Amino acid sequence: MRQPLRDQAIGFMMRGPLKPPSDRIMSPILPVFSPFPIAFVRGEGVYLYDAAGKRYLDFGSGVAVSSLGHSHPAVVRAITEQAQRPLHVSNWYQIPEQYEAGEALIAHTFADYVFFANSGTETIDGAIKLIRQYQIYHKHPERYRIITIKGAFHGRTFAAMSACGKNTFPPDLPGFDAISFGDWDALESAITRHTAGILIEPILGEGGVQPVPLNQLRRLRELCTQHDLVLCFDEIQTGVGRTGHLYAYEATGITPDVLTTAKGLGAGFPVGAILANAKVGGCMQSGMHGSTFGGNPLACKVVSAVLAEITHTPFLDHVRTMGQWLWDQLTALTKTYPHIFSQVRGAGLMQGLVCGASLDNRSVALSLMEKGLLVIPAGQNTIRLIPPLIVTKDQIDEAIAILGDFCEDSSFSFRQHHP
């Protein structure tokens, strides 16, 4: 039987910098995470602070979640005000805050319908239902398979993991045809009389910040229209201003039928949403989908506050300007230190640095953390730089200086081992 936590275990969670707990201290948390040895006690803007008072430049944003940075006044105000009103009533009743947030999303996107969930992976499950229901509604129940991309990441439910071939608890759920990234001919060939739709990230996030070529996204739209398939964009990571547009599809000149969004939508508060056009959303009926917590007053109050900030034209202009500045500085870094970082990928303030063959991206992230810069590892041996959207030029320069110091240290080590 597990022993109760000792006082020092509680202290482990509060001190900084932290050391791994001894074998005598058992964490109450299921051992599915491998967190870096640090905890934060305060956040302000683009900075986080540990218990010792050390400041860290946050270019991870809680994996693209803290879109407005830490302790943003609009978010604090929304949470504080709603905390004095009903936090939760369930969808058995009308929720004015939910309608307000839904209307804001509809006003700024292609959507005719919105469904609120609690997380990104829940929106994927809901989107899969919409894709299949569209075909069922039109008397084609045999069309249930969904084409996806290997290396993508759609979440951790069984359906989301099975969709991109990342189910660590086999067997996979049936109904998905995962195609290798870049093999667009194979994707086109995968369309059969059983295909219901295509699910794709415009930029693979966890898959190494890999943008899908614009001409291929346009081709997917053509194919879906031609074969009466549902095109679903997973914009859980690319959405809510991250790429310099409210949603990345806006820069493509095409429109999906369904879009999933989460992460930055709540700026730190857990919330997600499914956006659907009338063609697909209108096929759903009462009782086909639902959520106890999804769309509760508190979550939706935050969504409205976040959208009010981000949808201002000057805000998105700022994101695009800062994204270009970050891109230029990172590109210069790869030219100076090609053996450290070989490539820059991404758009807006969602950019990835591909690490050299002799480096491991988690080790790189740990070294940068020790220097005061937080980044997030991703696939393809990449580190993600996804700062809060309020980041300034000076703060980007601060991050580049830290990256430069890391490159100098790594170059010295490299020269020692490669005379």
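The values are calculated or read from the model by the stated rules, or taken from the named source; none is laboratory data. Predicted model, so just to flag it, every value in this text is computed and none were measured. Cβ sites come from the backbone with ideal geometry, for glycine too, and all protein chains shown count toward neighbours. Side chains are part of the model used for accessible areas, which takes the heavy atoms of the whole protein and leaves out ligands, DNA and RNA. Shrake-Rupley method; radii C 1.70, N 1.55, O 1.52, S 1.80 Å.
For a straight C-alpha distance cut-off of 19 angstrom, the lysines reachable from Lys301 (same-chain residues fewer than eight places away being disregarded) are Lys263.
Our coupling estimate for the range 165-172, obtained by passing each phi through the Karplus curve with A = 6.51, B = -1.76, C = 1.60 and θ = phi - 60°, is x, 10, 6, 8, 10, x, x, 5 Hz, Gly and Pro reported as x. Note on Asp405: accessible area is roughly 90 Å² with a 1.4 Å probe, heavy atoms of protein only. Taking Phe36, Phe233, Phe315 in turn, the Gaussian network model of the chain (Cα-Cα springs below 10 Å) assigns the largest fluctuation to Phe36.
Modelled this way, with points 7 Å down the Cα-to-C-beta line, the labels at Thr392 and Thr311 are 2.8 nm from one another.
Would you look at the GNM of the chain, springs on alpha carbons closer than 10 Å, and say which of Lys301, Lys371, Lys263 moves the most? Of Lys301, Lys371, Lys263, the Gaussian network model singles out Lys371 as fluctuating most. Toward the positive end of the charge dipole of the chain, about the Cα centre and with charges on Cβ (Lys, Arg +1; Asp, Glu -1), which of Ala159, Phe233, Gly272 goes farthest? The listed residue farthest towards the positive side: Ala159.
Taking the Cα centre of the range 224-284 as origin, sum charge times position over the Cβ atoms of Lys and Arg (+1) and Asp and Glu (-1), and report the length of that vector in debye to the nearest 20.
Working: 3 positive and 5 negative charges, 33 e Å.
Using Cβ point charges on Lys, Arg, Asp and Glu, the range 224-284 gives about 160 debye.
The charge dipole of the chain, taken about the Cα centre with unit charges on the Cβ atoms of Lys, Arg (+1) and Asp, Glu (-1), comes to about 700 debye, rounded to the nearest 20. When the solvent-accessible area of the chain is split by element, carbon and sulfur atoms take up 56 percent of it, the probe being 1.4 Å.
Candidate cross-link partners of Lys129 among the lysines, defined by an alpha-carbon separation under 16 Å and a same-chain spacing of 8 or more, comprise Lys139, Lys279. Multiplying the residue separation of His289 and Lys150 by 0.36 nm and removing their Cα-Cα distance gives an extension gain of 47.3 nm. Shown is the FRET efficiency for Phe36 and Lys139, computed with R0 = 41 Å from the Cβ-Cβ distance and rounded to the nearest 0.05: 0.20. Each of Pro213, Tyr134, Val344 was scored by the projection of its Cα onto the charge dipole of the chain, and the greatest displacement toward the positive side belongs to Tyr134; charges sit on the C-beta of Lys, Arg, Asp and Glu. Dipole check for the range 137-189: with +1 at the C-beta of Lys and Arg, -1 at the C-beta of Asp and Glu, and the Cα centre as origin, the magnitude is about 280 Debye.
Which net charge results for the neighbourhood of Pro96, defined as the other residues with beta-carbon distances under 15 angstrom from its beta-carbon, given Lys and Arg at +1 and Asp and Glu at -1? Please report the intermediate quantities before stating the final value.
Details: positive: Arg85, Lys301; negative: Glu81, Glu97, Glu100, Glu103.
For residues surrounding Pro96, the net value is -2.
With 0.36 nm allotted per residue and the present C-alpha distance subtracted, the Thr157-Thr336 stretch has 60.2 nm of extension available.
Using the Kirkwood radius over Cα pairs, work out the Stokes-Einstein diffusion coefficient for the range 150-297 at 10 °C and 1.306 mPa s, in µm²/s as a whole number. Write out the running numbers ahead of the final one.
Values: Rh = 16.3 Å.
Rounded to a whole number, D works out at 97 µm²/s.
For the range 305-361, trypsin sites (Lys or Arg not before Pro) are listed when DSSP marks them as loop and at most 10 other Cβ atoms sit within 10 Å of their Cβ; the list is empty.
When the chain is treated as a GNM with alpha-carbon contacts under 10 Å, the residue of Met369, Met288, Met26 showing the greatest mean-square fluctuation is Met26. Couplings 3J(HN,Hα) of the range 381-392, computed from phi: 6, 10, 10, 9, 10, 9, x, x, 5, 8, 4, 10 Hz, in residue order, whole Hz [Karplus 6.51 cos²θ - 1.76 cosθ + 1.60, θ = phi - 60°; x for Gly and Pro]. Couplings 3J(HN,Hα) of the range 293-300, computed from phi: 8, x, x, 5, x, 5, 4, 6 Hz, in residue order, whole Hz [Karplus 6.51 cos²θ - 1.76 cosθ + 1.60, θ = phi - 60°; x for Gly and Pro].
Segment Asn91..Thr225, full-extension length gain: 44.9 nm, with 0.36 nm per residue of separation and the alpha-carbon distance subtracted. Cross-link partners of Lys166 among lysines, defined as those whose alpha carbon lies under 16 angstrom from its own and excluding same-chain residues fewer than eight positions apart: Lys150.
If R0 is 25 Å, the Cβ-Cβ spacing of Ser411 and Lys54 corresponds to a FRET efficiency of close to 0.45.
Using only DSSP helix segments of four residues or longer, with each worth -39500 (n - 2.57), what per-residue ellipticity at 222 nm results for the chain after dividing by its residue count and rounding to 500? So the helix-based figure for the chain works out to -11500 deg cm²/dmol.
What whole-number value in Å² describes the accessible area per residue of the chain for a 1.4 Å probe?
Numbers: 19380 Å² over 419 residues.
Roughly 46 Å² per residue, with all protein chains present.
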